[in-house]
Each structure stands twice: as C-alpha cells, then as structure tokens.
Amino acid sequence: MRGVFVDANEALAVIMERLEKPGDPKVRIHRDPDIKPEQYPEILDGAEIAIVDHTALPTEVAKKCAGLKHVVFLGTGARSYMNPEELAELGVSVHLIKGYGDTAVAESAIALMWASARVIAMMDREMRGGNWLREDGMQLTGKTLGLIGFGGIAAEVARIASGSGMKVIAWNRSPKNHPGVEFTDLDSVLARSDVVSLHLLLNDETRGMITREKIAKMKRGVILINTARAAVVDETAMIDALKSGHIRHAGLDVFNIEPLPGDHPLTKLPNVTLSAHSAFRTPEASENLIGAAWEHCRRIVKG
C-alpha cells in the first residue's frame, strides 16, 4: 500500500522524512504546497493513501483518483476542504488529527486577544505611515472571557487567561466541567463577555451559528476572536458590527476565502487584526502533526 503527501511545504516535508521508521509504508512526498485540486489523480498515481495539508479535494476529483481509499487530513477541519460523507460513499475514509496544536492555537488566540485589546496592529500601521497614533486600550485583567465551544484548545485558552487574571465562562454543546471555568448557556456567555473567543468545529450545526442576532446579544464594545473556522460566523453581520462599533475589535486567523484577497472588506477596517490562518504553525505543533499522520498510515496498512 502506497501513500503520497500531495501538498507538502518544505518544513513539513523535512519532518515527514525525519520521522519515517524502518518498515513504514512507502510514502512519496510531493514538495509543492500550491497544487490545484485537478492535479490529484496525476500526483497520487494510483496510491491508496493521500496525505493532505490544505488542498481541496472535490468529490468529482476524488472519483478520478484510481485506487484512493484513505485521506489523512492534517488537522481537524477537513470539512472545509472536502465532503467526508460523499467520499465515504466512494469508499474513501477521511482520517483527522486532533489535539496536535492545542497549545499553539490557544497561544495564538490569546495573542490576538491582547493585540486587539491594545490595538497594537493599528498603532504599528499608523506609526509606519508617520502618524503618532496613541489609542486607549482595554485592560483585560478582571474582564470576562467567554469561550464558545470547549475542547482541548479552549481548555488551554482558559488556562492562560485565568493565569492573567481574567474570569472565564464557557458554553459547549455537550455538558462539560473544567476547573476555574463557569459553564452556562450561550446567550449568557454572549451577554456577559468582554471578549468572545470561538472554538467550534465546522459542521451543519455550527455553520453560520454566530448570526446577526447572536452578535446583537454581545456587549457593545466586545472583542471577538476567531481561530476556529470563519464559516461559523455571519461575515456580513460581523463587518457591520465592526463598522458600528458594536464589536470593538476582531482578531481573526480564519477566513471564508483563503488566501484573503487584498481588497476584501476586512482588510479595509482599522479595528481588525488579521493573521494568515497560522495559529497552529509552530515547530512543536508540526512535529505532533506529522507524527500523528505517520501513525495513521501505519494503522491503515496494518488494517
């Protein structure tokens, strides 16, 4: 059984090679992170396992991939790039990797929260343009952080935020308990939080979940952080709330269109801090990620 890492950047390719063990299944590394979906059949060349970092795999393309039986997706958000149910009907199983970057993503969420609270990116932009902009920031000690969704990443965010003197409340679709975190209903989290941070997987239930009405229930002057999936939020409603000041500032790492076009409305708003879907990108997280990918391949081959 053969595998192909179809869209490896150089950093992940090097880790993939280093973590290979004697007796591992044969995995060819295609060192090109910018492939097009229509290239899958040629790149896979009949291989049974596709290791995928970020390239969309439309069902119609998968039908042309002779021999494909398994997709090892490097992360948890495969649904943003492919339809697992439709692939299953073709006999292709999609394998996810969870928990590899919980600390990395949590630290990024915290960084976006602090940068948003102190409008650091805005002052940086203005100063580079010769303007000595001095803005009042939001002091976060004593403020309430509301977590929407509570898995491993949110637990790490709660740990860091609690240590910095914030009160942490949370909502999760299934009952949860966690030291130092008060769990309550969604509307209460929205209404009470000075900062709202999203930590939801994208599925049919969560797509568009943060509606215009939900945003209206947030405190005026709230900070919104999203390191989860952009499609969880009604983007138009969020932009309107940013323009009106109902949302004081947004720190965003995920977008409906990636890469984000330079003329996108979000790039024109001063009260938004943007990062290029890079919350998970640390050497430590990459090591965990590729190690887990190899483990998936080993289990697949063993049946």
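What's the total number of residues in the range 193-223 that are open to solvent by 20 Å² or more (accessible area, probe 1.4 Å), in a loop (DSSP other than H, G, I, E, B) and more than 21 Å from A78 (Cβ to Cβ)?
In the first step, residues of the range 193-223 are kept if they are open to solvent by 20 Å² or more (accessible area, probe 1.4 Å); the result is 194, 199, 201-205, 207-209, 211-214, 216-217, 219-221.
Now drop any that are not in a loop (DSSP other than H, G, I, E, B), which leaves 194, 199, 201-205, 207-209, 211, 219-221.
Filter once more, keeping what is more than 21 Å from A78 (Cβ to Cβ): 194, 211, 219-221.
Of the residues in that region, 5 qualify.
Got at least one residue in the range 275-282 being over 18 Å from the mean Cα position of the chain (by Cα) and open to solvent by 10 Å² or more (accessible area, probe 1.4 Å)? Walk me through it before giving the result.
To start, the set of residues in the range 275-282 that are over 18 Å from the mean Cα position of the chain (by Cα) comprises none.
So far as the range 275-282 goes, no, none of its residues is over 18 Å from the mean Cα position of the chain (by Cα) and open to solvent by 10 Å² or more (accessible area, probe 1.4 Å).
Quick check: anything in the range 52-74 modelled with pLDDT under 95 and farther than 15 Å from V4 by Cα? Steps first, please.
Looking only at the range 52-74, we keep the residues that are modelled with pLDDT under 95, and these are 54.
Then drop every residue that is not farther than 15 Å from V4 by Cα, which leaves none.
No.
Taking the range 18-43 on its own, how many of its residues are open to solvent by 90 Å² or more (accessible area, probe 1.4 Å) and either among the β-branched types (V, I, T) or not in a strand (DSSP E or B) (or both)? Spell out the reasoning first.
Restricting attention to the range 18-43, the residues satisfying the condition of being open to solvent by 90 Å² or more (accessible area, probe 1.4 Å) are 18, 20-22, 26, 28, 31, 34, 36, 38, 42.
Cutting the leftovers down to either among the β-branched types (V, I, T) or not in a strand (DSSP E or B) (or both) gives us 18, 20-22, 31, 34, 36, 38, 42.
Going through the range 18-43 one residue at a time, the tally reaches 9.
Could you please let me know if G129 is open to solvent by 30 Å² or more (accessible area, probe 1.4 Å), touching a Ser or Thr at 6+ places or on another chain (Cβ under 6 Å) and either polar (S, T, N, Q) or over 24 Å from G99 (Cα atoms) (or both)?
Numbers: open to solvent by 30 Å² or more (accessible area, probe 1.4 Å): yes; touching a Ser or Thr at 6+ places or on another chain (Cβ under 6 Å): no; either polar (S, T, N, Q) or over 24 Å from G99 (Cα atoms) (or both): yes.
When the stated conditions are applied, G129 does not pass them.
Do we find that A47 is out of contact with any Cys (no Cβ under 8 Å at 6 or more places or on another chain), in a helix (DSSP H, G or I) and not β-branched (V, I, T) in this structure? Please lay out each step first, then the result.
Numbers: out of contact with any Cys (no Cβ under 8 Å at 6 or more places or on another chain): yes; in a helix (DSSP H, G or I): no; not β-branched (V, I, T): yes.
Here the answer is no, as A47 does not meet what is asked.
Give me a count of the residues in the range 83-117 that are closer than 17 Å to D53 by Cβ and without any contact (Cβ under 8 Å) to a residue 12 or more places away in the chain.
1
As an exercise: evaluate H54 against (1) open to solvent by 40 Å² or more (accessible area, probe 1.4 Å); (2) more than 17 Å from L12 (Cβ to Cβ); (3) without any contact (Cβ under 8 Å) to a residue 60 or more places away in the chain and give the number of the one condition it does not meet.
Going through (1) open to solvent by 40 Å² or more (accessible area, probe 1.4 Å); (2) more than 17 Å from L12 (Cβ to Cβ); (3) without any contact (Cβ under 8 Å) to a residue 60 or more places away in the chain one by one, H54 breaks only (2).
Can you list residue pairs whose Cβ atoms sit under 9 Å apart, with the first residue in the range 182-207 being closer than 15 Å to A158 by Cα and the second being of a type in the set (G, A, S) and at pLDDT below 95? Count only pairs 6 or more apart in sequence or on different chains.
none
For the range 234-247, give me each residue that is among the basic types (K, R) and in contact with a Lys or Arg (Cβ under 8 Å, 6 or more places away or on another chain). Please lay out each step first, then the result.
The first filter runs over the range 234-247 and keeps only residues among the basic types (K, R), leaving 243.
Those that are among the basic types (K, R) and in contact with a Lys or Arg (Cβ under 8 Å, 6 or more places away or on another chain): none in the range 234-247.
Restricting attention to the range 94-105, does a residue exist that is farther than 25 Å from V301 by Cβ and in contact with a Gly (Cβ under 7 Å, 6 or more places away or on another chain)?
Taking the range 94-105 and keeping what is farther than 25 Å from V301 by Cβ, we get 101-105.
Those left that are additionally in contact with a Gly (Cβ under 7 Å, 6 or more places away or on another chain): 102.
Yes - at least one qualifying residue is present in the range 94-105.
Can we say I239 is β-branched (V, I, T), at negative phi and touching a His at 6+ places or on another chain (Cβ under 7 Å)?
Criteria not met by I239.
Among residues belonging to the range 240-257 that are in contact with a helix residue (DSSP H, G or I) (Cβ under 9 Å, 6 or more places away or on another chain), assigned to a loop (DSSP other than H, G, I, E, B) and in contact (Cβ under 8 Å) with a residue 24 or more places away in the chain, point out the one that is farthest from S193 (Cα to Cα).
Of everything passing the filter in the range 240-257, N256 is farthest from S193 (Cα to Cα).
The values are calculated or read from the model by the stated rules, or taken from the named source; none is laboratory data. What you see is a predicted model, and the numbers here were worked out from it, not measured in a lab. Cβ sites come from the backbone with ideal geometry, for glycine too, and all protein chains shown count toward neighbours. Only protein heavy atoms, including side chains, enter the accessible area calculation; ligands, DNA and RNA are left aside. Shrake-Rupley method; radii C 1.70, N 1.55, O 1.52, S 1.80 Å.
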